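Chemist: Sharing a structure, written as structure tokens. Questions coming.
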Amino acid sequence: MDLQELKKQLASINEAISNIESGAQEYRLSSDTMVRRGDLATLYKERRRLMADIAMVENGGGAFVAAYMRG
């Protein structure tokens, strides 16, 4: 997966998190993926994974040290 696709996925995850944190009970990520409020922990986990992948690509495959964020 290339950097552009990773960033696109991260933007989608961030939008879903924002909507759910703002009170939405569910959010559609794509035509076949519905995320419910109870899946918020999974969204946080996926966001951390994507951020690590993006950092690795941007750093030329170097080590990713840490990302401090809620969730």
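The values are calculated or read from the model by the stated rules, or taken from the named source; none is laboratory data. Just so it is clear, the structure is predicted and the values come from calculations on it, not from any experiment. All Cβ positions, even for glycine, are placed from backbone atoms using ideal geometry, and neighbour counts span all protein chains on display.
Chemist: Within the set of pairs 6+ apart or on separate chains, which have a first residue in segment 36-55 that is farther than 20 Å from Glu5 by Cβ and charged (D, E, K, R), a second that is assigned to a helix (DSSP H, G or I) and at pLDDT below 90, and C-beta atoms under 6 Å apart?
Modeler: Going by the 6 Å Cβ cut-off, the qualifying pairs are Arg37/Ile20.
Chemist: Consider segment 14-26. How many of its residues are in contact (Cβ under 8 Å) with a residue 12 or more places away in the chain and of a type outside the set (D, E, K, R)?
Modeler: Going through segment 14-26 one residue at a time, the tally reaches 6.
Chemist: Being hydrophobic (A, V, I, L, M, F, W, C) and under 8 Å from the mean Cα position of the chain (by Cα) is the filter here, so list the residues in segment 19-52 that pass it.
Modeler: Passing the criteria: Leu43, Leu50, Met51.
Chemist: Among the residues of segment 1-18, is any more than 13 Å from the chain's Cα centre (by Cα), polar (S, T, N, Q) and at pLDDT 85 or above?
Modeler: Checked segment 1-18: at least one residue is more than 13 Å from the chain's Cα centre (by Cα), polar (S, T, N, Q) and at pLDDT 85 or above.
Chemist: Restricting to segment 27-56, name every residue that is touching a helix residue (DSSP H, G or I) at 6+ places or on another chain (Cβ under 7 Å) and assigned to a strand (DSSP E or B).
Modeler: Scanning segment 27-56 gives Tyr27, Leu29, Val35.
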